[in-house]
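The values are calculated or read from the model by the stated rules, or taken from the named source; none is laboratory data. Because the structure is predicted, anything quoted here is derived from the model rather than measured. When we count neighbours, we look across all protein chains shown, and the Cβ atoms used for this are built from the backbone with ideal geometry, even at glycine.
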């Protein structure tokens, strides 16, 4: 069964179509990345999936349940870390976890054990009786995520979970999400961090101006952009513009002392560069080749910016 | 509807509200200090028998206390960024509305009970109908807490704006509801306006319970409070749903 199934989903706010007829499926146990520039429709999509917004058209299924019709049953299956999500500053860490757990029906021994496990895992056990108001953003986000997963949800929705965090908190959170995924939870994560998406996600979906522009495995997406592979080289002296011009090279970008030569045929292009260097007595200081990064793909597909 | 999940959500929401919002300054100021100062301002220096004034005073205490918690919760949560998380829990908007209402009702009843006990012990207050007093207090607390929740529905994440709005609504009501001027002495437009205030019917119920001089039939008072309660809850449901994601 698909954990999440979306068909022709549309959401409008007045004249603005925030989500425009999108469809996708997320398999059970999949780590799904939802990428897009600011205002692309990521948060609106998550709010639709988690039952906070009602779609104007289209269908959503969360483990076979339509959150528009039975929001409570759908919510019981999920853990949600919204974009603007804070925990209660007036409560202690433990009280925040207990509050979340009790909403999901945890009680007594179960609640105590699960809280203690998470407090230890997130490195905040010693601070469990402190009010959250004194915590840094990173520590607050640890409490937030611990609260969202206290009931061990089958599906976890995360909206920019590592935005603006310190390195330690970011790593801890990423590791926890990975572990949950390994244990079978489906992860639906929106992020600006292309590298996170590249490393973590089995499938990524890129949305721009409310429409899906690509959906595939990260490596497959990169291969569809082979024209974006390049050779980067630097030489022992200044090189005249146009020296490497050839049918093989589609674009040349000079940055500092480095030349970046884009090509669709890496093998022949490398031989060409080496030959030109040899004929002109140039010493190659460094030379490397690179395929398109997920960031290149993202920029290419989203036109390099938001609306 | 899964009733077990609904009741659980209701209890947890109410407990959360009690734990977080009872100690907030706006609740203490608008729910506790304001009625006390209003009482002192009108009572001190005037030749009024406290027994005559007490039903109106106790109704005012219940009115201010019950309606002071509700207006604060939603804008506070929107401002603090906790509202979206709250909505992501297995609850509906109605669960949250009723949880906010219950927290306001309990606050109102506690403050009213303390005032009643103080009155009974030190002010020689004669309570002729304990049962009716309990019913009236319960009904009034729910009605005014529902009003409080309704007042929190505008789409703003600024608690100060909502508290100001709630004061604008609440203050005029105490002057047309028989709190300071007995209902018998209200004539013309004042009398007509008094019918529009839910506080009028509670003051009258307390007059019934404390051997005072009620002006409406007992059943009218009870029915009107119920009608106002349903009206406030329906309006709260409508507006909270409409403004759910606004101000996030």
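Residues in the stretch A:81-109 that are modelled with pLDDT of 95 or more and part of a helix (DSSP H, G or I): 11 in all. When we screen A:88, A:103, A:98 for residues that are more than 22 Å from residue A:159 (Cβ to Cβ) and within 10 Å of chain B (Cβ to nearest Cβ), the only hit is A:98. Here residue B:1 meets the list (1) within 9 Å of chain A (Cβ to nearest Cβ); (2) modelled with pLDDT under 95; (3) part of a helix (DSSP H, G or I) almost entirely, failing just condition (3).
Among the residues of the stretch A:56-80, those that are more than 10 Å from chain B (Cβ to nearest Cβ) and either closer than 16 Å to residue B:90 by Cα or assigned to a loop (DSSP other than H, G, I, E, B) (or both) comprise A:56, A:62, A:63, A:64, A:65, A:66, A:67, A:68, A:69.
Here is a yes/no grid of residues against (1) part of a helix (DSSP H, G or I); (2) touching a strand residue (DSSP E or B) at 6+ places or on another chain (Cβ under 9 Å); (3) assigned by TED's automatic domain parsing to the domain that holds residue A:36; (4) surrounded by fewer than 19 Cβ atoms within 10 Å (Cβ to Cβ):
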position: A:199; (1), (2), (3), (4): yes, no, yes, yes
position: A:247; (1), (2), (3), (4): no, no, no, yes
position: A:251; (1), (2), (3), (4): no, yes, no, yes
position: A:272; (1), (2), (3), (4): yes, yes, no, no
position: A:299; (1), (2), (3), (4): yes, no, no, yes
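If residue A:292 satisfies all but one of (1) part of a loop (DSSP other than H, G, I, E, B); (2) farther than 28 Å from residue A:217 by Cα, what's the number of the condition it fails? Answer for residue A:292: the failing condition is (2).
Being assigned to a helix (DSSP H, G or I), free of Cβ contacts under 8 Å to residues at least 40 places away in the same chain and more than 11 Å from chain A (Cβ to nearest Cβ) is the filter here; which residues of the stretch B:8-47 pass it? Once the filter is applied, which keeps residues that are assigned to a helix (DSSP H, G or I), free of Cβ contacts under 8 Å to residues at least 40 places away in the same chain and more than 11 Å from chain A (Cβ to nearest Cβ), the stretch B:8-47 yields B:25, B:28, B:29, B:33, B:34, B:35, B:36, B:37, B:39, B:40, B:41, B:43.
All conditions in (1) under 19 Å from residue A:37 (Cβ atoms); (2) in contact (Cβ under 8 Å) with a residue 24 or more places away in the chain hold for residue A:216, with the sole exception of (2).
Checked against (1) touching a helix residue (DSSP H, G or I) at 6+ places or on another chain (Cβ under 8 Å); (2) in contact (Cβ under 8 Å) with a residue 40 or more places away in the chain, residue A:286 meets all criteria but (1). The set of residues in the stretch A:142-170 being more than 12 Å from chain B (Cβ to nearest Cβ) and within 15 Å of residue A:124 (Cβ to Cβ) consists of A:142, A:146, A:149, A:165, A:166, A:168, A:169.
Report yes if some residue within the stretch B:74-92 is within 30 Å of residue B:183 (Cβ to Cβ) and either surrounded by fewer than 16 Cβ atoms within 10 Å (Cβ to Cβ) or touching a strand residue (DSSP E or B) at 6+ places or on another chain (Cβ under 7 Å) (or both); otherwise report no.
We begin by selecting, within the stretch B:74-92, every residue within 30 Å of residue B:183 (Cβ to Cβ); these are none.
Within the stretch B:74-92, not a single residue is within 30 Å of residue B:183 (Cβ to Cβ) and either surrounded by fewer than 16 Cβ atoms within 10 Å (Cβ to Cβ) or touching a strand residue (DSSP E or B) at 6+ places or on another chain (Cβ under 7 Å) (or both).
Among residues of the stretch B:73-85 that are more than 7 Å from chain A (Cβ to nearest Cβ) and free of Cβ contacts under 8 Å to residues at least 60 places away in the same chain, those with a beta-carbon under 6 Å from a residue that is in a helix (DSSP H, G or I) and buried (at least 24 other Cβ atoms within 10 Å of the Cβ) at least six positions away or on a different chain give the pairs B:77/B:83. Take the stretch A:1-23 and flag every residue that is at positive phi and in contact with a strand residue (DSSP E or B) (Cβ under 7 Å, 6 or more places away or on another chain). Within the stretch A:1-23, A:8, A:21 meet the criteria.
Yes or no: residue A:124 surrounded by 17 or more Cβ atoms within 10 Å (Cβ to Cβ) and away from chain B (no Cβ under 14 Å)? It is true that residue A:124 is surrounded by 17 or more Cβ atoms within 10 Å (Cβ to Cβ) and away from chain B (no Cβ under 14 Å).
Residue A:129 meets each of the listed conditions (1) touching a residue at least 24 places away in the same chain (Cβ under 8 Å); (2) within 14 Å of another protein chain (Cβ to nearest Cβ); (3) farther than 22 Å from residue B:13 by Cβ; (4) more than 23 Å from the chain's Cα centre (by Cα) apart from (2). Applying the set (1) without any contact (Cβ under 8 Å) to a residue 60 or more places away in the chain; (2) facing chain B (nearest Cβ under 9 Å); (3) part of a helix (DSSP H, G or I) to residue A:53 leaves exactly one unmet item: (3).
May I ask you to verify whether residue A:46 is within 11 Å of another protein chain (Cβ to nearest Cβ) and within 30 Å of residue A:303 (Cα to Cα)?
Values: within 11 Å of another protein chain (Cβ to nearest Cβ): yes; within 30 Å of residue A:303 (Cα to Cα): yes.
The answer is yes for residue A:46.
Per-residue answers, yes or no, for (1) in the same structural domain as residue A:192 (by TED's automatic domain parsing); (2) touching a strand residue (DSSP E or B) at 6+ places or on another chain (Cβ under 6 Å); (3) farther than 30 Å from residue A:142 by Cβ:
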| position | (1), (2), (3) |
| --- | --- |
| A:28 | yes, yes, no |
| A:44 | yes, yes, no |
| A:58 | yes, yes, yes |
| A:70 | yes, no, yes |
| A:82 | yes, yes, no |
| A:86 | yes, no, no |
| A:89 | yes, no, no |
| A:98 | yes, no, no |
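Is it the case that the stretch A:11-19 has a residue that's within 26 Å of residue A:176 (Cβ to Cβ) and either part of a loop (DSSP other than H, G, I, E, B) or outside the structural domain of residue A:213 (by TED's automatic domain parsing) (or both)? It would help to see each step written out before you state the result.
In the first step, residues of the stretch A:11-19 are kept if they are within 26 Å of residue A:176 (Cβ to Cβ); the result is none.
Looking for residues that are within 26 Å of residue A:176 (Cβ to Cβ) and either part of a loop (DSSP other than H, G, I, E, B) or outside the structural domain of residue A:213 (by TED's automatic domain parsing) (or both), one finds none in the stretch A:11-19, hence no.
Just checking, how many residues over the stretch A:94-121 are surrounded by 14 or more Cβ atoms within 10 Å (Cβ to Cβ) and over 23 Å from residue B:17 (Cβ atoms)?
Within the stretch A:94-121, the first condition is being surrounded by 14 or more Cβ atoms within 10 Å (Cβ to Cβ), and the residues that meet it are A:94-106, A:111-112, A:114-116, A:118-119, A:121.
Cutting the leftovers down to over 23 Å from residue B:17 (Cβ atoms) gives us A:112, A:114, A:116, A:118-119, A:121.
Total satisfying the criteria: 6.
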